[in-house]
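Written below as structure tokens is the structure these notes are about.
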Ligand code: DUC
Ligand code: ZN
Ligand code: ZN
């Protein structure tokens with residue numbers, strides 16, 4: 001077994017920071033040691049196989065991105081990152097676990113969708129991976145399969161209040177699934193937007209000739225998100241099923257979650273980097289020589305980017321500080337402009353929805369530390385520790401402590417990262433983050449004890465990543 005000592009760094013957890021050397025034996029962390037001390041009279045730097053010098057750097061638990069869509073069929077095409085390219089890009093960016101969504105679309109069977117997802121991922125991943133299950137058709141069969149999902153380590157599932165005919169569940173279906181989830185202790189994840197109403201608004205805009213990407217954001221108005229979030233909370237309240245609302249972007253939706261939490265309900269919310277940094281006006285309204293007003297298609301995702309004038313972005317940062325929102329995932333769902341986003345050149349409704357960020361989440365959130373939006377500890381908490389607890393991985397993941405998997409990132413606060421499609425590792429012909437400057441850098445990444453990224457070199461291999469059978473959420477007793 002290989003032993004590694006990470007020396008001289010500042011080990012950061014969700015609750016504090018300390019100067020310590022981290023000793024790794026095989027796949028596990030075995031000790032945090034005060035620097036300069038010897039263990040059992042041995043100078044560990046000469047006793048171990050590998051020494052990683054982290055002097056002046058942060059040593060943090062590897063990032064956990066709990067919301068990715070690799071190879072997702074969507075809008076007549078497929079998300080452009082495979083499990084291979086997507087997890088490798090994640091590793092480059094300091095993410096060492098992902099939880100992707102196995103898909104049941106309306107009219108198909110849950111075990112078939114799940115088997116397909118296992119086939120796509122097995123042997124291809126650079127880092128560890130788990131699954132949530134999308135339920136796109138709540139019926140007797142899919143309800144009966146829910147206990148089996150738990151047995152297979154899929155302890156959370158997602159429903160959609162949007163996308164009629166593809167993923168959509170009506171309120172009666174949601175109620176039934178939540179009743180079952182409450183019984184099983186499963187976490188219900190919700191895409192909370194009023195899809196049927198949005199589809200009417202979108203059709204009215206298109207008929208009026210308003211077909212550019214900007215109108216995607218107008219059709220998917222914040223009222224549609226607030227209303228659906230409220231409805232999901234009420235169904236959760238009625239059934240006793242804990243609720244996790246994905247990709248929250250509207251400040252009014254946050255207010256719904258905050259009020260429910262103040263009332264003692266087990267409801268949680270995630271936001272994504274795009275809702276912290278990007279806006280309806282600047283991105284969806286963008287225009288370029290190459291793409292004209294279609295430039296905004298790069299940022300067409302759902303929920304949509306919100307108006308900066310209305311203050312949603314600042315509110316998302318605030319909610320992360322106050323714990324009204326608990327964590328940040330990417331909703332990584334990449335599509336190229338050429339041949340994919342282009343499908344909606346004449347009609348925003350045909351643009352495949354999604355932004356690719358799996359490589360940049362740790363950096364983008366670290367920039368929030370630099371600008372004073374969040375503390376260093378909160379950065380670790382919302383990118384690693386909380387995702388681990390939320391999705392039944394804590395102890396193994398989300399912490400640097402004896403017995404935990406040695407998923408570790410050495411992050412250099414004096415380093416610098418410029419994000420660009422020319423240098424990123426995601427399979428995309430553009431970057432939603434082109435030109436973003438980060439005052440920090442992912443230097444070294446260990447995945448279960450193996451150094452997979454170091455000094456600008458990728459040292460991992462396809463198949464390093466293993467399937468994560470997850471426990472029930474650790475947020476509930
Ligand atoms: N939102 C996206 O932007 N893409 C995929 C699915 C979703 O809900
Ligand atoms: Zn969604
Ligand atoms: Zn998603």
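Laboratory data are not the source of any read-out in this text; all were calculated from the coordinates shown. Fair warning: this is a prediction, and the values are worked out from it, not measured in the lab. Here the Cβ positions follow ideal geometry from the backbone for every residue, glycine too, while neighbour counts run over all protein chains shown.
Rounded, prolate or oblate: which one fits the chain, using the alpha carbon gyration tensor with axes a ≥ b ≥ c (rounded when a/c is under 1.5, else prolate when a/b beats b/c, else oblate)? The shape class here is prolate. Compared with the direct C-alpha span, the chain from residue 237 to residue 454 gains 73.4 nm at full extension, assuming 0.36 nm per residue.
Exposure proxy ranking for 310, 457, based on other Cβ atoms within 10 angstrom of each Cβ and starting from the fewest, stands as 457, 310. With a cut-off of 15 Å on the backbone N, the residues of region 216-257 near the modelled label site 7 Å out from residue 175 along Cα-Cβ are 231-241.
The mean sequence distance of close C-alpha pairs (under 8 Å, at least 6 residues apart), as a share of the length of the chain, puts its relative contact order at 22 percent. Using alpha carbons only, how many angstrom separate the centre of region 1-31 from the centre of region 110-162? Cα centroid of region 1-31 versus Cα centroid of region 110-162: 34 Å apart. Label positions at residue 31 and residue 289, each projected 7 Å from the Cα along the C-beta direction, are separated by 6.2 nm.
Based on the alpha-carbon gyration tensor of region 119-207 and its eigenvalue square roots a ≥ b ≥ c, which shape applies: rounded if a/c is under 1.5, prolate if not and a/b is larger than b/c, or oblate? It is oblate, given that a/c is not under 1.5 and a/b is not larger than b/c.
Please compute the length gained on full extension between residue 139 and residue 255, using 0.36 nm multiplied by the number of residues separating them and subtracting their Cα-Cα distance.
Gain on stretching residue 139 to residue 255: 38.5 nm.
Annotation for residue 423 and residue 472: the two label points, set 7 Å from Cα along the Cα-Cβ direction, are 4.6 nm apart.
With neighbour counts taken as other beta-carbon atoms within 10 Å, the residues 112, 405, 289 rank, fewest first, as 289, 112, 405.
Could you give the angle, 0 to 90 degrees to the nearest 10, between helix 312-322's Cα long axis and the longest principal axis of the Cα atoms of the chain? Taking Cα atoms only, the helix is inclined about 50 degrees. A full extension of the chain between residue 151 and residue 371 corresponds to an added length of 74.9 nm, given 0.36 nm per residue minus the alpha carbon distance.
For region 1-116, the gyration tensor built on C-alpha atoms gives a prolate shape. Its axis ratio a/c (a ≥ b ≥ c) is at least 1.5, and a/b is the larger of a/b and b/c. DSSP beta bridges fully contained in the chain are about 50 percent antiparallel. Tilt of helix 251-262 relative to the longest C-alpha principal axis of the chain, in degrees (0 to 90, nearest 10)? Approximately 70 degrees, to the nearest 10.
In this rough spin-label picture, where each label sits 7 Å from Cα along the Cβ direction, the residue 281-residue 18 distance is 4.7 nm. Treating r as the C-beta distance of residue 51 and residue 401 and R0 as 25 Å, the FRET efficiency rounds to 0.75.
Taking the DSSP beta bridges with both ends in region 1-96, the antiparallel portion is around 70 percent. With neighbours defined as other Cβ atoms within 10 Å of a residue's Cβ, the residues 85, 249 order from fewest to most as 85, 249. Each part reduced to its alpha carbon centroid, region 344-394 and region 53-89 end up 10 Å apart.
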